[in-house]
1. A:Met25: within 10 Å of the chain's Cα centre (by Cα) and closer than 21 Å to B:Glu30 by Cα, yes or no?
2. Could you tell me whether any residue of the range B:18-40 is aliphatic (A, V, I, L, M), at pLDDT 85 or above and surrounded by fewer than 17 Cβ atoms within 10 Å (Cβ to Cβ)?
3. Give B:Ala62, B:Ala29, B:Ala38, B:Ala23 a once-over and let me know the one that is within 14 Å of A:Cys37 (Cα to Cα) and either touching a residue at least 40 places away in the same chain (Cβ under 8 Å) or assigned to a helix (DSSP H, G or I) (or both).
4. I need a count of the residues in the range A:1-29 that are open to solvent by 50 Å² or more (accessible area, probe 1.4 Å) and polar (S, T, N, Q).
5. So A:Glu101 fits all but one of (1) within 14 Å of chain B (Cβ to nearest Cβ); (2) part of a helix (DSSP H, G or I); (3) acidic (Asp, Glu); what number is the exception?
6. Please specify each residue of the range A:41-71 satisfying the condition of being within 9 Å of chain B (Cβ to nearest Cβ), in a strand (DSSP E or B) and open to solvent by 30 Å² or more (accessible area, probe 1.4 Å).
7. For the range A:73-89, name all the residues that are assigned to a helix (DSSP H, G or I) and either among the β-branched types (Val, Ile, Thr) or modelled with pLDDT under 95 (or both).
8. Could you tell me whether B:Leu142 is open to solvent by 30 Å² or more (accessible area, probe 1.4 Å) and at pLDDT 75 or above?
Amino acid sequence: MLGEFEYLLLTAAARLGADAYGAAMRQEIESATGRRCSIGALYTTLDRLEAKGFVKTWMGDPTPQRGGRPKRMVRVTAKGIQAATVFYNAVTRASRGVAWEALRAGVPS
Amino acid sequence: MNKIAWWMVEILSRTLDPDEREAVRGDFAESGESGGQALRDTIGLVVRRRVALWNDWRPWVAPLGLVAPLLSGVFGVGWIGLQLRTIWTYGVRYEAGLPLTDYIATLVCATLLPVAWAWSGGLAVGCLSRQNAWVWIVGALLAGRLSAAPFLLLPAVVLVLIPFLWGLERGVRRGALGVDRVAWLAAAIAILTLIAQVEDGRSSLALAAWSRGGTLDGRLAWTPRLLPFAAIVWQFGFIFATQRRKENIT
């Protein structure tokens, strides 16, 4: 089973498709969660996902807006899609019948 | 301040793999990070990478490679140090009663054995613990420095430290030795160790301390005789297996 951050990474890479690379995925995760995503967490989790066979990464071409430095490109593998689907289904099933917004409204802060 | 932070980012990121360093520096440039933020991110990544190196059994086993060099430092080097000190101070051999041929044989043994043990130990530590090897080296140096008498320093550096670092360098670079060469080397060191053991009747022999008390109640005590082999055999087994695997892959 995936971890929460692993799932976020896989989702960001899947959403970005052919444009998935470190900085873009980081931005995607930050805008989805509203929290800062550290480079350390991003790259070490990417390594872990790659070791599990959930993503494939390779070095792209250098670009001028990156100071002539290359991107680390990411592609979700079939195994990664399968793992993310399992995680998503588990969270969806576990959340069935629980209305968080309603619960939050009922709890005094 | 910003300049200093970027300078530190540059220095710290050198510890990362070249590809990762380029990707991370590119990400900073693209997202327009401030120097402070980039420094915090780089420290976070470097720390995570360093910690991740210990999530493996190899670096934890690597200190076993220090056993033989440290023991040879205690025993083989001790004999050489004693000779040097006696010759330097009194102008005579420490083992003045020994025939010259025996003395030379002992000298060769006491010189070659620590070198061979230290080199093979260094190779094993280097193979097992490439990026963390420095931790064990610092530990071994401190242990050696604290326990060694001043007159042992020179032989310890020449016979143990230098060969150990040489073997370590080969191990870290994964230098291909070839299975045949490793087998010959292992055989040579085993024979050398055996000679040191067989001749243990002479108190002057290198590593004789291993076999001191060689008889117990009139019978041979094998445990101290086998200890040197136990100290070196695993590292040759490991190096041999590594070389075989390498040759099978290529």
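1. Yes, satisfied.
2. Applying the first criterion (aliphatic (A, V, I, L, M)) to the range B:18-40 yields B:23-24, B:29, B:38-39.
From what is left, the residues that are at pLDDT 85 or above are B:23-24, B:29, B:38-39.
Those left that are additionally surrounded by fewer than 17 Cβ atoms within 10 Å (Cβ to Cβ): none.
No, the range B:18-40 has no match at all.
3. Result of the check over B:Ala62, B:Ala29, B:Ala38, B:Ala23: B:Ala38.
4. The number of residues fulfilling the criteria is 1.
5. For A:Glu101, the failing item is (1).
6. Listed by number, the residues that qualify are A:Met59, A:Pro62, A:Arg69, A:Lys71.
7. Passing the criteria: A:Ile81, A:Thr85, A:Val86.
8. When the stated conditions are applied, B:Leu142 passes them.
The values are calculated or read from the model by the stated rules, or taken from the named source; none is laboratory data. All values derive from a computational prediction rather than experimental measurement. We place every Cβ from the backbone using ideal geometry, glycine too, and count neighbours over all the protein chains shown. To get the accessible areas, we keep the full protein, side chains included, count just its heavy atoms, and leave off ligands, DNA and RNA. Shrake-Rupley method; radii C 1.70, N 1.55, O 1.52, S 1.80 Å.
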